[in-house]
1. Quick check on my filter: what residues within region 81-104 are closer than 17 Å to Glu46 by Cα and among the small types (Gly, Ala, Ser)?
2. Check Pro152 against each of (1) outside any loop (DSSP other than H, G, I, E, B); (2) over 20 Å from Val37 (Cβ atoms) and name the one condition it does not meet.
3. Here's a check for you: in region 66-105, which residue that is in a helix (DSSP H, G or I) and touching a strand residue (DSSP E or B) at 6+ places or on another chain (Cβ under 6 Å) is surrounded by the fewest Cβ atoms within 10 Å (Cβ to Cβ)?
4. Out of region 53-65, which residues are without any contact (Cβ under 8 Å) to a residue 24 or more places away in the chain and surrounded by 15 or more Cβ atoms within 10 Å (Cβ to Cβ)?
Amino acid sequence: MKRIAFVGALIFLSVFSIKAQENSKRTPADVKAEEEVLKVDTERAEAYMHGDTAALSRILADDCTYVHPTGKVETKAEVIAGFKAGDRTYLSIERDDVVAKVYGNTAILAGRNTINAKYQGQDYTVQNRFLRVYVKQQGQWRLVAHQATNLPK
């Protein structure tokens, strides 16, 4: 019994030590970059809800690839054209469980969306998991790739 307790304590301490080392590798610059990219992603969601194509033009990279949960792929120009044409209206976008990881000038965001919207005249509410890739270009975080997968109802 003492041996099991000892092994359990040893495993706990090993895991705790590894986690502490991982967290200590995050520099203040990494933390700042994570905060910046999370802010830009919030601005992106707000731009979607307000149909703000000027903000989207700034946030989406020129070569952005946007993969919808349906599998439809759009470019930056197509996303913006859809807003201008009025074929998509986002009533609410709630994001949670969002994690940002920064690797130099690249940031990966993963999280969950709950979206209430109209797309091509159809109402829908959906919950999905997303993965977004941002790259810092000319001092600005820009979305270069987005992919979402709907969660079962």
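Any read-out appearing in this document is the output of simple, stated calculations on the displayed coordinates, not a laboratory observation. Computed from a predicted structure; not experimentally measured. Neighbour counts run over all protein chains shown; Cβ positions are idealised from the backbone, glycine included.
1. Gly82, Gly86, Ser92 - these are the residues of region 81-104 that are closer than 17 Å to Glu46 by Cα and among the small types (Gly, Ala, Ser).
2. Condition (1) is where Pro152 drops out.
3. Gly82
4. Correct list: Ala55 only.
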